[in-house]
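Student: Can you read through this structure? Questions will come right after.
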Amino acid sequence: MTEQDKSVGLRARLVAAGVELLALEGVHALTLREIARQAGVSHGAPRRYFATHAELLAAIAGHGFGELANALGLDAPPPSSVSAAAARHRLDELARGYLAFAAEQPGMFELMFRHDVLEGSGAELRRTSLPLFEAVTRLVAAIRPSAGERDGGPDGGRDRDGGPDGEGAGDGPPPTVVAAALWANLHGLAQLRAWGSLRLATGGDSVEPVLRATLDAHLGRDAG
């Protein structure tokens, strides 16, 4: 085994140790000392393969983004076109998958979006979240294109009913804005559930009624 192979192998080992530690104890446990201990290496070993603590944490978070993309099926190429009904169904799947990931891997979910912790890592992790945002934006565009796209846009210039206020779907904000608002709501929903605040507000443990209201508010009522 070459020195390069050994280096790659130990880097992967440190990341795997961080992932395991994160699942067991949460973000607060991800010190260099604890990750090294979990990996079974000396306390100084991580510094030989990751220039900073933030760089190692970013590699761990990058692993999480890969898992999320796989769980949501974002590793498959998107279809060239999709009907509004199919897009709504796919968005429902993505939303539930996102919330499931947050519930099943709370430590990883927290780390992935802690840009204050990851700042200075050099990994530009914001870019790793773009495939999810782009997928949501494409699906939103298939359901309710912006007013500027009504003439010759993705819906072929057709006007659609179903906006939240009863106006045509093409009269609302552009898909990128709707996608950002929807994502923000889903992320907030995941956080409120994790903190126990959602149950206090709704009086129940099911996230479904709030999720349905969130999707309907941004996309119009689901005819299905």
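Computed from the coordinates by the stated procedures, all read-outs in this text should not be read as laboratory data. Everything numeric here is computed off the predicted structure, so don't read it as measured data. In this analysis, Cβ positions are derived from the backbone assuming ideal geometry, glycine residues included, and neighbour counts consider all displayed protein chains.
Student: Would you please put 185-197, 18-30 in order of how densely packed they are, using the mean number of other Cβ atoms within 10 angstrom per residue and starting with the highest? Walk me through the numbers on the way to the answer.
Tutor: Details: 185-197: 15.8, 18-30: 17.4.
Those peptides, ordered most packed to least, come out 18-30, 185-197.
Student: Post the alpha-carbon centroid distance, the range 76-105 to the range 177-213, in whole angstrom.
Tutor: Computed from Cα coordinates, the inter-centre distance equals 16 Å.
Student: Tell me, what ³J(HN,Hα) does each residue in the range 202-218 have, in order and in whole Hz, if you take phi through Karplus 6.51 cos²θ - 1.76 cosθ + 1.60 with θ = phi - 60° and put x for Gly and Pro?
Tutor: Going residue by residue, I get 9, x, x, 8, 7, 8, 4, x, 6, 4, 4, 5, 5, 5, 5, 5, 8 Hz, with x marking Gly and Pro.
Student: Lys and Arg at +1, Asp and Glu at -1: add these up for the other residues within a Cβ distance under 13 Å of ALA69 and post the number.
Tutor: Numbers: positive: ARG127; negative: GLU67, ASP75, GLU134.
Surrounding charge for ALA69 is -2.
Student: What's the ranking of 96-108, 202-214 by average number of surrounding C-beta atoms within 10 Å, highest first? Numbers along the way, then the final one.
Tutor: On the way: 96-108: 17.8, 202-214: 13.0.
For the peptides 96-108, 202-214, the packing ranking is 96-108, 202-214.
Student: Please list 53-66, 109-122 highest first by mean number of surrounding beta-carbon atoms within 10 Å per residue.
Tutor: In descending order of packing, they fall as 53-66, 109-122.
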